[in-house]
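Inspection log for the structure reproduced underneath, given as structure tokens.
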Amino acid sequence: MADKKFRVDDLESLLSERSRRNYHVLEESNPENNQRLQARKSADLTDFINMIAKLVSKGMKKQKAVFSPDEGDRPKADLTIPLNEPHIYYDVISRVPKKELKPRERQEILEHHIDKEHIRQGRIFGQKFECIVQFNIMSSDYKSADEVMKVFEELIFNYTSYLKENGVAEVLFKQQMTDRGLDPFRQFLSVRSLQYYVEVEKLHAVFDESEIEGIITD
């Protein structure tokens, strides 16, 4: 049974460190994004994976599950030697734009440098992405693999609200499937594969006084 009462501390800190600049909103280009953007939280696919890694480390101690944050990683040890702990690997099956083929303007902002009086005007651009992420669970026996799979599903379901609060737009279970590409590992390990639909958004800050122009001209 999954431990549904464990606590994840500082989940917000899992998001990639954002700019320390102090932004002030001038005008809303897209009012629908007002609440989320004012919260200054967005999450890309890397942020999502980092959050999953934290959830696994905190919530699957009983199962001793190990999550690998390196996309496409596989067991490197001799496969004839059983894994000491169940491992969870992941693959990005796809990441494609959602309707928006290029970033669209979300907000106008002012940048205030903390150590300077200089102020720059800029804009926030955002682009949403639809992703299919596959998680591959590998363990030395089928009972352990099944238990880890069950707890992992419950973990994501129970903490979907935390993921959304920290910038992930949507997380939906898509399917369990048998990945024939992992057949070589099945000779020595039990393998379970789960696919999730994940919707994220990547934000970019663009300023009228371009830093890139300074690099080119220097």
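The values are calculated or read from the model by the stated rules, or taken from the named source; none is laboratory data. Keep in mind the model is a prediction, meaning the values are calculated, not measured. Cβ placement follows ideal geometry from the backbone for every residue including glycine, while neighbour counts extend to all protein chains displayed.
Number of residues in region 150-161 that are in a helix (DSSP H, G or I) and either closer than 12 Å to Lys54 by Cα or touching a Ser or Thr at 6+ places or on another chain (Cβ under 6 Å) (or both): the value is 2.
The residues of region 125-172 that are over 19 Å from Lys98 (Cα atoms), of a type in the set (D, E, K, R) and in contact with a strand residue (DSSP E or B) (Cβ under 9 Å, 6 or more places away or on another chain), listed by number, are Asp141, Lys143, Asp146, Glu147, Glu153.
Take region 140-166 and flag every residue that is of a type in the set (S, T, N, Q) and either modelled with pLDDT of 95 or more or over 20 Å from Asp183 (Cβ atoms) (or both). Selection gives Ser144, Asn158, Thr160, Ser161, Asn166. Could we say that Leu203 is modelled with pLDDT under 95, more than 30 Å from Asn84 (Cβ to Cβ), among the aliphatic types (A, V, I, L, M) and assigned to a strand (DSSP E or B) here? Yes, satisfied. Taken together, Val168, Val133 contain a single residue that is assigned to a loop (DSSP other than H, G, I, E, B) and within 29 Å of Arg104 (Cβ to Cβ), which is Val168. Selection of region 163-184 for residues being of a type outside the set (Gly, Ala, Ser) and surrounded by 17 or more Cβ atoms within 10 Å (Cβ to Cβ) yields Leu163, Asn166, Val168, Val171, Leu182. Residues that are modelled with pLDDT under 95, in a loop (DSSP other than H, G, I, E, B) and charged (D, E, K, R): does region 179-200 have at least one? No, region 179-200 contains no residue that is modelled with pLDDT under 95, in a loop (DSSP other than H, G, I, E, B) and charged (D, E, K, R). For Lys98, the conditions (1) over 21 Å from Asn136 (Cα atoms); (2) modelled with pLDDT of 65 or more; (3) out of contact with any Asp or Glu (no Cβ under 8 Å at 6 or more places or on another chain) are fulfilled apart from (3).
Checking region 103-125 against the condition returns no match, with no residue being at pLDDT 90 or above, buried (at least 17 other Cβ atoms within 10 Å of the Cβ) and of a type in the set (Phe, Trp, Tyr). Scanning region 154-172 for residues that are under 16 Å from the mean Cα position of the chain (by Cα) and within 21 Å of Ser190 (Cα to Cα) yields a total of 1.
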